[in-house]
Amino acid sequence: MRKTVILLSLLFSFSFCQAQKRQLKPMNEFVSELMAKMTFEEKIGQLNLLPGGDMTTGAVMNSPLAALIQKGELGSVLNVKGVEKVRALQDVAVRKSRLGIPLLIGQDVIHGYETVLPVPLAQACSWNPAAVEAGARLAAKEASAQGVNWVFSPMVDVANDPRWGRVVEGYGEDPYLSGVMGAAAVRGYQGSRQTLDVLACLKHFALYGATEAGKDYCPVDMSRLRMFNQYFPSYKAAVEAGVGSVMSSFNLVDNVPATGNSWLLTDVLRRQWGFSGFVVTDYASINEMSALGFGDGRTSAVQAFNAGTDMDMCSNAYVKYLKEAVSGGKVAMAQIDTAVRRVLEAKYRLGLFQNPYRFCDMKRAKTDMYTAEARRLARDIAAETFVLLKNENNLLPLKKQGTIALIGPLADTRNNLPGPWSFTDKPDKYSTLRECMERYLGNDAKVVYAQGSNIYADSLRQKADEFGRPVKRGDDRKMLAEAVSAAMKADVIVACLGEMAEMSGESSTRTDLNLPDVQMRLLKALVATGKPLVLLNFSGRPTILSWEEEHVPAIMNVWFAGSETGDAVCDVLFGDKAPSGKLVNTFPRSMGQIPIYYNHLASSRPVPENSRYFRKYVSNYLDEVNGPLYPFGYGLSYTTYSYSPVTLSAASMKKDGRVSASVTVTNTGARDGDEIVQLYIHDKYCSKVRPVKELKGFSRVHIEKGGSHTVTFDIDAKTLQYLDENGEPFLEPGEFEIMIGPNSRDVKKASLRLE
C-alpha cells in the first residue's frame with residue numbers, strides 16, 4: 001500500500017510538473033497580474049527568508065515552515081539539504097498555498113557542492129577566470145540537481161588583513177582581480193541563457209573585508225575615496241556581469257549598518273550602478289542592528305526596508321513590523337510592491353513559474369553528482385592554484401623513485417581536504433593525500449607515513465574538537481619520535497602542515513598566523529635530520545612562513561584544494577604538471593606588519609622595502625624590514641622566465657587616445673610552462689595621491705621551453721583614471737609609470753605622458 005501511495009504521489013507531481021511547463025506571458029505582465037491577486041501578508045511573505053535547519057551559520061530558529069508556506073507567508077528557504085526535502089517544500093508552496101508561488105531555495109554553495117573545488121582564495125591564485133567560471137558552472141549543476149536554485153556566492157570582499165578568517169572565501173587583496181574573478185563566477189553560476197541556471201548572490205555589500213582587527217561582525221571606517229577605488233570595484237564588476245541578487249554586510253558604513261544604509265544600497269548600488277535585482281540581508285542582520293547601537297527591532301526593520309533591503313533573512317522583522325509601518329505612514333505601499341516585484345521577477349527568470357519542479361529532478365540527483373568528468377575538472381583547477389614559494393636547488397619536482405617520508409597531521413585526513421564552507425561534501429568518497437600518493441607511485445617508490453604531531457598542542461585540543469573536524473590525535477612526543485624515525489629511512493621528506501579546515505572561514509579570526517607550535521616542533525625536527533624536505537602548506541589565508549623560508553628547501557602553498565586534493569598535489573609534486581599559481585595576497589614576514597598589501601599609499605619618508613638599515617625618523621620598523629616575505633602576484637614554476645624591457649607604442653597619449661604596452665617573455669628553463677604576466681600603473685603626481693602600484697591587467701600565457709611570447713596590454717583613459725569621492729571618473733594629465741612583470745615587486749618600467 002505504501003509503495004502505491006508513493007507511486008501515485010510521484011505520478012501526480014510529474015503530471016502537475018508537466019502541466020506547469022507552459023508558455024508564460026512576458027515577465028512584467030505576468031508579475032503584475034500575480035501581484036494584483038496577492039494580499040498584504042502574501043506580499044510580505046515573499047520578502048521573508050527562513051532556514052530549513054539542516055545547515056546554519058547563525059542561530060537556528062525553529063519555524064513551522066510548511067504552515068507558513070501554505071499560508072503564503074514564506075517565499076524563500078535556505079539550507080535545506082537534499083532534493084527530496086526541497087521537493088516536499090515546493091509541493092506545499094505550489095499545490096497547497098492559495099496562489100501557488102514557488103520557493104527560492106538558497107544555500108551557501110561557496111566552492112563546489114559534492115565535487116568540492118579549491119576554496120575561492122585558491123581559485124584566484126590560478127589567475128584563470130575561465131577556470132573560475134567553469135568551477136561555478138559545475139557547482140551550479142550539482143547544487144541545482146539537489147534542489148538549490150539560489151547560491152550565496154560569489155564573495156568579492158577585498159581583504160588586506162589575513163587575520164580575518166573569511167579571506168578564504170574571497171579572491172584576495174586586489175579590487176581589479178577580485179572583480180574579474182567575481183564576474184566570472186557570476187557567469188558560471190547563472191549561465192548565458194535567458195533562463196538562469198541558478199541565481200547568484202553577490203556578497204557582502206559592502207566593505208566587510210575591512211573590519212577592524214580582522215574580526216567578524218565589527219565596524220569599518222574609511223573615506224569614500226578609498227571605498228570607490230579600493231573596495232567597491234569588485235562589487236561593481238559583479239553587478240555589471242548581471243548578478244541577480246546582492247547580500248548586505250554585517251558591518252557599519254559611515255557609522256550606519258550596511259543593512260540599513262540607503263546611500264550604499266540605493267544611491268550607489270541601484271542609482272549609480274544600475275542594479276535591478278533584489279537585496280537580501282545576511283543572517284539575521286536586521287536584528288543585529290540593535291547590537292550595533294542603531295535602534296530597536298521596529299526602528300531597524302523600517303530603516304532596513306526604506307534603505308533598499310528587499311528581503312529579510314532569518315530575523316522575522318518584516319513579518320513583525322512592516323504592516324504597522326505601512327499603516328503608520330513610515331513605509332510606502334509602493335515600495336513594498338517594488339520589493340515584491342524584484343523577488344517574483346527573480347523566480348520568473350529562474351523558470352520556476354513555468355516549471356516549479358525544475359530543480360527537483362530525482363534522476364539528476366543521482367547522475368549529476370561527483371562524476372568522473374567533474375572530478376577531472378576539479379583536479380585540473382586545483383593543480384593551477386598551487387603556489388610554489390621556494391625551490392632550492394630544484395628539489396621539485398620529486399622523482400618517482402626511492403623512499404618518500406610523508407609526514408604531518410594533514411597527510412592522511414580526508415575531513416580537512418575540502419576546507420571551510422563545504423557543508424555538502426562527502427568526505428567518505430575522497431582519498432587522502434597518503435592514499436593518492438601510494439596509488440600514484442605504485443611500485444615505483446615506497447611511501448612511509450607518520451602523523452608526526454597533532455594540529456594543536458595539548459592545551460588547545462578541546463578547541464580543536466569544537467571546530468568539528470579534528471584529525472586523529474595522539475601523544476605528541478611519541479608521534480614526533482615516529483616521524484623522525486620514518487624520515488631517517490627516507491630519501492626525501494614531504495611534510496603536510498598548516499591549518500585545519502575550521503581555522504579559516506567565518507568566525508575564525510586568528511591573532512597568530514605562524515605554524516602552530518606543536519607542528520613547528522615537528523618541522524624543526526625534520527629539518528634537523530638533514531634530509532631534503534618539501535613543505536606543503538595547507539591554509540585558507542596568508543600565513544607567516546619566515547622561519548620556513550630560511551630553513552626549508554622547498555615550500556608550496558596548496559591551500560584547501562577540495563575533494564581532489566590528493567591527486568592534484570601528486571600531479572604537481574612529481575612533475576606531471578608544473579606549478580603556475582601566483583599569490584593574490586601579500587604574505588607578511590611577521591604579525592606586526594599586518595595589515596600589509598601591495599597597493600598602499602606612499603610615505604613622505606620612504607625607505608627601500610627590503611632595506612635592513614634601521615634608523616629613526618623614516619618610515620620603517622626598528623626590528624623588521626618593511627617589505628613582505630612574498631609579494632602580491634608572486635609564484636615560481638619548474639621553469640624560469642626572463643622579461644624584456646617594456647615598450648610603448650607611443651611615449652604620450654591624449655585623454656581620448658590609446659597606447660599599447662608590450663613585453664616579450666622568454667622561457668629560459670628546461671620545460672614548458674604557464675606564466676602570468678601582470679600590468680601595473682602608478683600615477684606619479686596627482687591631486688589625490690594614488691597607490692604606489694595598481695593592477696590593471698594580466699595575461700596567462702603558455703610558453704614552450706626556449707620559446708618566447710610577446711604580451712601586449714592596451715592602455716586608455718579607463719586604465720589610468722581613478723574615481724573621486726562621489727564615484728565619478730577623474731583623470732589628470734601628467735606622468736604615469738607603466739610596469740609589467742611576474743609579480744608586483746619585480747617589474748620592468750616605462751614612462752607614459754598623458755597630455
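Counting Lys and Arg as +1 and Asp and Glu as -1 over every other residue whose Cβ lies under 15 Å from the Cβ of D623, the net charge comes to +3.
Compute the FRET efficiency between T712 and Q272 as 1/(1 + (r/R0)^6), taking r as their Cβ-Cβ distance and R0 = 41 Å, and round to the nearest 0.05.
So the FRET efficiency works out to roughly 0.80.
Once backbone amide H atoms are built at 1.01 Å from N, K696 has L679, Y680, I681 as its partners under 5 Å, excluding neighbours fewer than 5 places away on the same chain. In this structure K96 has an accessible area near 120 Å², from a 1.4 Å probe over the protein heavy atoms. For K446, the amide hydrogen comes within under 5 Å of the amide hydrogens of G402, T403, I404, counting only partners 5 or more places away or on other chains and with H modelled in the peptide plane. Contact order for the chain, expressed relative to its length and based on alpha carbon pairs under 8 Å spaced 6+ residues apart, stands at 13 percent. In the context of the full set of protein chains, region 426-569 has a per residue accessible area of 39 Å² (1.4 Å probe). If you compute semi-axes √(5λ) of the Cα gyration tensor in Å for the structure shown, which of (i) 43, 33, 24; (ii) 71, 26, 24; (iii) 47, 31, 27 do you land on? Evaluating semi-axes √(5λ) of the Cα gyration tensor in Å on these atoms matches (i).
Charge tally for Q90 (other residues, Cβ to Cβ under 13 Å; Lys, Arg +1; Asp, Glu -1): +3.
Apply the a/c threshold of 1.5 to the C-alpha gyration tensor of region 609-755 and tell me whether it is rounded, prolate or oblate. Judged from the Cα gyration tensor, region 609-755 comes out oblate (a/c at least 1.5, b/c at or above a/b). Ligands, DNA and RNA aside, E725 has an accessible area near 70 Å² when probed at 1.4 Å. Of the cross-linked pairs K616/K749; K37/K320; K25/K320; K390/K616; K446/K478; K429/K489, those separated by over 27 Å at the C-alpha level are K616/K749; K25/K320; K390/K616; K429/K489. At a probe radius of 1.4 Å, what is the per-residue accessible area of M35, in Å² to the nearest 10? Its heavy atoms expose roughly 20 Å² to the probe. FRET efficiency for the pair H600 and Y621, taken as 1/(1 + (r/R0)^6) with r the Cβ-Cβ distance and R0 = 22 Å, rounds to 0.90.
For region 467-608, which whole-number percentage of the solvent-accessible area (1.4 Å probe, protein heavy atoms only) is attributable to carbon and sulfur atoms?
Details: 2490 of 4820 Å².
Answer for region 467-608 is 52 percent, counting heavy atoms of protein chains only.
Only helices enter the 222 nm calculation for the chain: every DSSP H run of n ≥ 4 contributes -39,500 (n - 2.57), and dividing by all residues gives -9000 deg cm²/dmol, rounded to 500. Treating only the Cα positions of region 367-410 as identical point scatterers, give the base-10 log of I(q)/I(0) from the Debye formula at each q in 0.17, 0.25, 0.28, 0.31 Å⁻¹. With one equal scatterer per Cα and no solvent, log10 I(q)/I(0) is -0.82, -1.02, -1.03, -1.05.
The values are calculated or read from the model by the stated rules, or taken from the named source; none is laboratory data. Model, not experiment: these values are computed from the prediction. Every residue, glycine as well, gets a Cβ built from its backbone with ideal geometry; the counts of neighbours run over all protein chains shown. Accessible surface is based on the protein model in full, side chains and every heavy atom, while ligands, DNA and RNA are left aside. Shrake-Rupley method; radii C 1.70, N 1.55, O 1.52, S 1.80 Å.
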